[in-house]
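The structure is given below, and queries will be raised subsequently.
The values are calculated or read from the model by the stated rules, or taken from the named source; none is laboratory data. Note that the structure is a prediction, hence the values are computed from the model and not measured. Glycine gets a Cβ as well: all are built from the backbone with ideal geometry, and neighbour counts include every protein chain shown. For accessibility, only protein heavy atoms count, side chains too; no ligands or nucleic acids. Shrake-Rupley method; radii C 1.70, N 1.55, O 1.52, S 1.80 Å.
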2 protein chains.
Amino acid sequence: MSALTNAIEILRCFSGAQPDLSFADVMTLTGKPKSSTSRLLRALRDCGLLEQDPHTRRYRPGLLTFELGRLHRAHDDLISMAERELREVCARTGHTGYIAVLDGYEQVVLRIVPGSNPLRVVNPPGQRTPALATSNGRAMLARLSDQDIRARVPATYPKLPRNSPQNLKQLMVRLDEIRRTGVSEAADESIEGVGSQGFALKSGETGEMIGIAVSYSVQATTVAERANVRRELTAMAAKLRRLTGDQLDQVVTRAQATR
Amino acid sequence: MSALTNAIEILRCFSGAQPDLSFADVMTLTGKPKSSTSRLLRALRDCGLLEQDPHTRRYRPGLLTFELGRLHRAHDDLISMAERELREVCARTGHTGYIAVLDGYEQVVLRIVPGSNPLRVVNPPGQRTPALATSNGRAMLARLSDQDIRARVPATYPKLPRNSPQNLKQLMVRLDEIRRTGVSEAADESIEGVGSQGFALKSGETGEMIGIAVSYSVQATTVAERANVRRELTAMAAKLRRLTGDQLDQVVTRAQATR
DNA sequence: AAGTCGGTTCCAAAATTCGGAACCATGTCC
DNA sequence: GGACATGGTTCCGAATTTTGGAACCGACTT
């Protein structure tokens, strides 16, 4: 195990639920002995990746991560283009929009476009969710090869919400449907009463892929309204695919999709 | 040199001016041989700290930095309290507000409150500037001990804009003035035609220090308006110092201020 | 006075990294 | 077609780091 691997292992312990950790927290989360934890935390702190509260002595992501995180938006040609379109759709429909990327078998929220409807935003940017349980997550998976998908799903199929695909076979059925229709739908999965529709967009130029979704309350929307969302999404997808040179049939390889 | 040090050295090559780098760029910037650069870039890419554009093959900060960056001081009471007050002042005055922290002899912008006046936001969050050349940067320095300040200023005093202090003596004169008045002022320094006033706030509880500033166009503001900004800032400073238990006279040590 | 938390320091063994050199796949210029 | 540049990868022995157990430590609590 390299020093970098260890450092990353520590960094990955931090999350929205646990934005700061004590020495003991890190020790138990990584399972590393005291001396190693001590050395690594110090190194991470000294280089700015972590910082330490002088009062509570707890560790949290540091200034350097903040600066680098701001730089990540650099690849936003695809994202900002999608965001612009999504903003218009959300303004027209009043629903909440999401842009996310795939990372392994999970997705990470990159942008949110709050709608005018009073649906509380539940997934802030940076939020990590199993891609199997969201509409745009599955839309992104649907564009990978079957072999690649199998490689991404954990060896033991994860326990997902009731309405999500419960095994690899059910997943494949839903992905095939997405491949046929071009749009992915979810209802009552990660969050009760919330539904969404989404699609995946892949830049023909850079090959990078993002998921775009519109989310709404299932109770507060009619069948007609949801059909309207589908029309909006289909139109947006067509326009964005044209703008970004997205060739739908082209399968994304593992390396392209993750990084 | 540890593996982590090398990794950080690469990460620090990325900046707002150069948000993505080629293999050769990294090699020349770090001065490391090809094989080492290759291994390190791969490691950084594999762990998510960097990502590589599949088309141009250039490297840029990765998804992990985005996620961690979102976590940085997400629940920081001092900052959110200051931001709330700053928002009100900016709404009343129409100017742009900044919150920054000190890192060595530089400051990094953490939060921005855009004003209603048409002054384009020039310093996005994550922006790094010599603290000697900004109002809130100097306000933060003014709260350190003279010894600590001397330790932070580089051995060869940096070349700064015309209106910034040009040497250690001039700097000390300006810092003394800030210590007397409690407010720091800048005009036509980092950016021509832009002025700002700021102060430093230090939590009595945690000891962490931030700089708060209001920025405006020098041409588009009158002397009276700038005096008004000063009154607003003085009032905000008094309120925030009361809320956070900031004892003005207490000097911040080096360790507390940086991390 | 004892115990806990959050560390630091020491050490020899084990693992990793280092950098030069050779190699290679693409793309491009002449 | 051939030469050259770019952007890498792989190999290897030597050199450097990392590792983890154990002892120790200062501040604070019980």
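With the condition kept exactly as written, say whether any residue in region A:91-98 is touching a Leu at 6+ places or on another chain (Cβ under 7 Å) and in contact (Cβ under 8 Å) with a residue 60 or more places away in the chain.
So far as region A:91-98 goes, yes, one or more of its residues are touching a Leu at 6+ places or on another chain (Cβ under 7 Å) and in contact (Cβ under 8 Å) with a residue 60 or more places away in the chain.
Scanning for something under 25 Å from A:Ala220 (Cβ atoms), of a type in the set (A, V, I, L, M), open to solvent by 10 Å² or more (accessible area, probe 1.4 Å) and in contact (Cβ under 8 Å) with a residue 24 or more places away in the chain, does region A:145-157 turn up at least one residue?
no
For region B:50-61, give me each residue that is modelled with pLDDT of 85 or more and more than 7 Å from chain A (Cβ to nearest Cβ).
Result: B:Leu50, B:Arg57, B:Arg58, B:Tyr59.
Can you find, within region B:108-142, the residue that is nearest to the chain's Cα centre (by Cα) among those that are assigned to a strand (DSSP E or B) and away from every other protein chain (no Cβ under 14 Å)?
B:Pro130
Criterion first (closer than 27 Å to A:Gly211 by Cα, more than 14 Å from DNA strand C (Cβ to nearest atom), open to solvent by less than 30 Å² (accessible area, probe 1.4 Å) and at pLDDT 90 or above) does A:Leu86 satisfy it?
Spelling it out, A:Leu86 is indeed closer than 27 Å to A:Gly211 by Cα, more than 14 Å from DNA strand C (Cβ to nearest atom), open to solvent by less than 30 Å² (accessible area, probe 1.4 Å) and at pLDDT 90 or above.
Evaluate the following for A:Val89: is it facing chain B (nearest Cβ under 7 Å), within 20 Å of A:Gly137 (Cα to Cα) and either within 16 Å of DNA strand D (Cβ to nearest atom) or of a type in the set (A, V, I, L, M, F, W, C) (or both)?
no
All but one of (1) touching an Asp or Glu at 6+ places or on another chain (Cβ under 8 Å); (2) closer than 27 Å to A:Gly62 by Cβ; (3) polar (S, T, N, Q) hold for B:Gln197; which doesn't?
For B:Gln197, the failing item is (2).
Restrict the check to region B:58-68 and report whether at least one residue is within 14 Å of DNA strand D (Cβ to nearest atom) and open to solvent by less than 50 Å² (accessible area, probe 1.4 Å).
For region B:58-68, residues within 14 Å of DNA strand D (Cβ to nearest atom) and open to solvent by less than 50 Å² (accessible area, probe 1.4 Å): present.
So which residues in region A:178-200 are among the acidic types (Asp, Glu) and either surrounded by 15 or more Cβ atoms within 10 Å (Cβ to Cβ) or over 23 Å from A:Ser215 (Cα atoms) (or both)?
Within region A:178-200, A:Glu185, A:Glu189 meet the criteria.
Tell me, which residue of region A:1-36 that is near DNA strand C (Cβ under 8 Å from one of its atoms) and within 14 Å of chain B (Cβ to nearest Cβ) is most open to solvent (accessible area, probe 1.4 Å)?
Ranking the candidates gives A:Met1 first.
Kindly indicate which of B:Thr93, B:Thr37, B:Thr28, B:Thr65 is in contact with a His (Cβ under 7 Å, 6 or more places away or on another chain) and of a type in the set (Val, Ile, Thr).
Just a single option satisfies the conditions, and that option is B:Thr65.
Does A:Pro54 satisfy the condition of being of a type outside the set (S, T, N, Q) and away from DNA strand C (no atom under 16 Å from the Cβ)?
no
May I pose another question? Answer yes or no as to whether B:Ser38 is in contact (Cβ under 8 Å) with a residue 24 or more places away in the chain, outside the structural domain of B:Leu240 (by TED's automatic domain parsing) and within 12 Å of DNA strand D (Cβ to nearest atom).
no
Only residues that are out of contact with any Lys or Arg (no Cβ under 6 Å at 6 or more places or on another chain) and not hydrophobic (A, V, I, L, M, F, W, C): list them for region A:139-154, please.
Result: A:Arg143, A:Ser145, A:Asp146, A:Gln147, A:Arg150, A:Arg152, A:Pro154.
All but one of (1) open to solvent by 60 Å² or more (accessible area, probe 1.4 Å); (2) out of contact with any Ser or Thr (no Cβ under 8 Å at 6 or more places or on another chain); (3) away from every other protein chain (no Cβ under 14 Å) hold for A:Arg42; which doesn't?
Failed condition: (3).
Name the pairs: first residue in region B:1-19 and modelled with pLDDT of 90 or more, second residue within 16 Å of DNA strand D (Cβ to nearest atom) and open to solvent by 50 Å² or more (accessible area, probe 1.4 Å), Cβ to Cβ under 6 Å, at least 6 apart or on different chains?
B:Cys13/B:Leu29
Among the residues of region A:174-191, how many are more than 17 Å from A:Arg143 (Cα to Cα) and of a type in the set (S, T, N, Q)?
Result for region A:174-191: 1.
Filter region A:41-51 down to the residues that are near DNA strand C (Cβ under 9 Å from one of its atoms) and more than 22 Å from B:Val109 (Cβ to Cβ) and list them by number.
Matches in region A:41-51: A:Leu41, A:Arg42.
Is it the case that some residue within region A:164-176 is open to solvent by 10 Å² or more (accessible area, probe 1.4 Å), touching a Phe, Trp or Tyr at 6+ places or on another chain (Cβ under 7 Å), in the same structural domain as A:Asn117 (by TED's automatic domain parsing) and not in a loop (DSSP other than H, G, I, E, B)?
For region A:164-176, residues open to solvent by 10 Å² or more (accessible area, probe 1.4 Å), touching a Phe, Trp or Tyr at 6+ places or on another chain (Cβ under 7 Å), in the same structural domain as A:Asn117 (by TED's automatic domain parsing) and not in a loop (DSSP other than H, G, I, E, B): present.
Within the bounds of region B:211-230, is there any residue that is within 14 Å of another protein chain (Cβ to nearest Cβ), β-branched (Val, Ile, Thr) and either farther than 29 Å from A:Leu63 by Cα or surrounded by 13 or more Cβ atoms within 10 Å (Cβ to Cβ) (or both)?
Checked against the condition, which is being within 14 Å of another protein chain (Cβ to nearest Cβ), β-branched (Val, Ile, Thr) and either farther than 29 Å from A:Leu63 by Cα or surrounded by 13 or more Cβ atoms within 10 Å (Cβ to Cβ) (or both), region B:211-230 yields no hits at all.
Working only within region B:38-74, note down all residues that are within 19 Å of B:Gln18 (Cβ to Cβ) and acidic (Asp, Glu).
B:Glu51, B:Asp53
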